[in-house]
1. Show that you can apply the helix-only estimate: for the chain, add -39,500 (n - 2.57) for every DSSP H stretch of four or more residues, divide by all residues, and state [θ] at 222 nm to the nearest 500.
2. Using R₀ = 41 Å, calculate the FRET efficiency as 1/(1 + (r/R₀)^6) where r is the Cβ-Cβ separation of residue 33 and residue 68; round to 0.05.
3. How much net charge surrounds residue 62 when only other residues with a Cβ under 12 Å from its Cβ are counted (Lys, Arg +1; Asp, Glu -1)?
4. Quick one: Karplus J couplings for the stretch 135-142, per residue in order, coefficients 6.51, -1.76, 1.60, θ = phi - 60°, nearest Hz, x for Gly and Pro?
5. Between 0 and 90 degrees, rounded to the nearest ten: what's the tilt of helix 57-76 against the longest Cα principal axis of the chain?
6. Identify all lysines with a Cα-Cα distance to residue 74 below 19 Å; exclude those on the same chain that are fewer than 8 residues away in sequence.
7. As I understand it, the value is the acute angle between the Cα axis of helix 105-118 and the longest principal axis of the Cα atoms of the chain; what does it come to in degrees, rounded to 10?
8. Going by alpha carbons, how many degrees (0 to 90, nearest 10) lie between the helix axis of 44-54 and the longest principal axis of the chain?
Amino acid sequence: MIQGISFVYAQSDPGEIAEILEARFPDYNMTGMCVSGTKNIVSFSALYTIFHMTLPITPVYIVILVLRRKIISKLSFQGVNIAKDTKNLHAQLLMSLTYQAVLPGFFFFSIVSYAVGQFAIYNSPILEYFTSSGFLLIPFFSPVASFIFVTPYRHFIRNCFYRIAHIEPVESSSVHAYAGTSNANIMA
């Protein structure tokens, strides 16, 4: 919220921004376009927002990957004696965490596209569009994790797909036999 409020004060007059864009990119057709931006990114409100969006992602992402690697090493250690079902649950949890850890990568792509344009390495409307739209992919893909990794949601989506595709689902047994217990005792 502080970042958003700070960046509101960094906005410059749209007329000035349009003049700057027309001078720097004469091949852009900006007729009837809504133009906004910051004339001076060295001002505190702009620089704070830029640093807050770009700098923390790298160390946070490294910490996530290091923790993931430690969890994998603990689970694969031969001295750990856990049940197969528990190990499967841990593997599913790790897969879910890995999926969530990959999502901040979209920040990285947006940051790279911003830096490429800011340092005048390459300019393109598509690259400039991706700078802001890359951030939108994270809230789009984050809820997808629920549909993938939460079993009731995954089964519901799968069954809906089967109905639409007119495919008969293959049923799997969900009854487990336990050593020393007969099926009659399980049913009781």
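1. Per the formula, -21000 deg cm²/dmol.
2. In this case the efficiency is close to 0.40.
3. +2
4. For the stretch 135-142, the Karplus-derived couplings read 5, 6, 5, 5, x, 6, 7, 4 Hz, x marking Gly and Pro.
5. Helix 57-76 sits roughly 10 degrees off the main axis of the chain.
6. Of all the lysines, those that pass the test against residue 74 - Cα under 19 Å, at least 8 places apart if same chain - are 84, 87.
7. 10
8. 30
Where a number appears in this text, it was derived from the coordinates with a stated rule and is not lab data. No experiment lies behind these values; they were computed from the predicted model shown. Neighbour counts are summed over all protein chains in view; Cβ atoms, including those assigned to glycine, are modelled from backbone coordinates with ideal geometry.
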